[in-house]
1. I'd like the full set of residues that are modelled with pLDDT of 90 or more, charged (D, E, K, R) and not in a loop (DSSP other than H, G, I, E, B), limited to region 81-136.
2. Looking at region 119-163, which of its residues are touching a residue at least 24 places away in the same chain (Cβ under 8 Å) and among the hydroxyl-bearing types (Ser, Thr, Tyr)?
3. I need every pair where a residue in region 68-79 that is of a type in the set (Gly, Ala, Ser) has its Cβ under 6 Å from the Cβ of a residue that is outside any loop (DSSP other than H, G, I, E, B), sequence separation at least 6 or different chains.
4. If residue 92 satisfies every condition in (1) touching a residue at least 40 places away in the same chain (Cβ under 8 Å); (2) in contact with a His (Cβ under 8 Å, 6 or more places away or on another chain) but one, which is the exception?
5. Anything in region 6-47 that is exposed (fewer than 11 other Cβ atoms within 10 Å of the Cβ), basic (Lys, Arg) and over 30 Å from the mean Cα position of the chain (by Cα)? List them, or say none.
6. Evaluate the following for residue 73: is it in a strand (DSSP E or B) and loosely packed, with under 15 Cβ neighbours inside 10 Å?
7. Just checking, does region 138-154 include any residue being at pLDDT 90 or above, among the acidic types (Asp, Glu) and assigned to a loop (DSSP other than H, G, I, E, B)?
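The values are calculated or read from the model by the stated rules, or taken from the named source; none is laboratory data. Everything numeric here is computed off the predicted structure, so don't read it as measured data. Here the Cβ positions follow ideal geometry from the backbone for every residue, glycine too, while neighbour counts run over all protein chains shown.
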Amino acid sequence: MRVFIEEQRFTQKWLIVLLIIASVVPIVIIYKSFLDQKMNLNNVIIATTIIILANGIIFMFKLKTRIDDIGVHYQFFPFHIKMKTIPWKKIKHAETRTYDALSEYGGWGLKGGLFWKKEKGTAINVSGDEGIQLTLADNKKILIGTHRRKDVDIILAKYSNKS
């Protein structure tokens, strides 16, 4: 039995720079308030901690993908506590494809559905522009981001007769 396993996190340099900038500005304002004696030390520590934790939460997000003889499994922590499984019998078609996260799904993360191009379905991704496009038996679409397209193509070719 062949198994494909991939784990991805939000580690893009541009995102880290953006979060640092978004943290520095309010922290500078807080410390200026402290120096002007408009805020006490406890409030400065609490506010700074909240800002750092709020910006750091994005690094907890993790996309896990597994493809095996049972089906396609994925987990986007913290939204999914356990792996979600789509058995091969529920998959009408599976392929890899290049996509545009911004124009097709409105960005990265857990996207799709209510507010953005319903016909595209749901996307679960953290970076990049390549994904595993699943069309389910009920014609729903799910795109799962990957950085290992060639490996996915090999495993999908092996299990394509199961769908």
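1. Residues satisfying the conditions are 84, 89, 90, 92, 95, 97, 130.
2. 127, 135, 146, 159, 160, 163
3. 71/85; 71/86; 71/87; 71/88
4. Among (1) touching a residue at least 40 places away in the same chain (Cβ under 8 Å); (2) in contact with a His (Cβ under 8 Å, 6 or more places away or on another chain), residue 92 violates only (2).
5. 38
6. Working: in a strand (DSSP E or B): yes; loosely packed, with under 15 Cβ neighbours inside 10 Å: no.
For residue 73, the condition - in a strand (DSSP E or B) and loosely packed, with under 15 Cβ neighbours inside 10 Å - is not met.
7. Within region 138-154, one or more residues are at pLDDT 90 or above, among the acidic types (Asp, Glu) and assigned to a loop (DSSP other than H, G, I, E, B).
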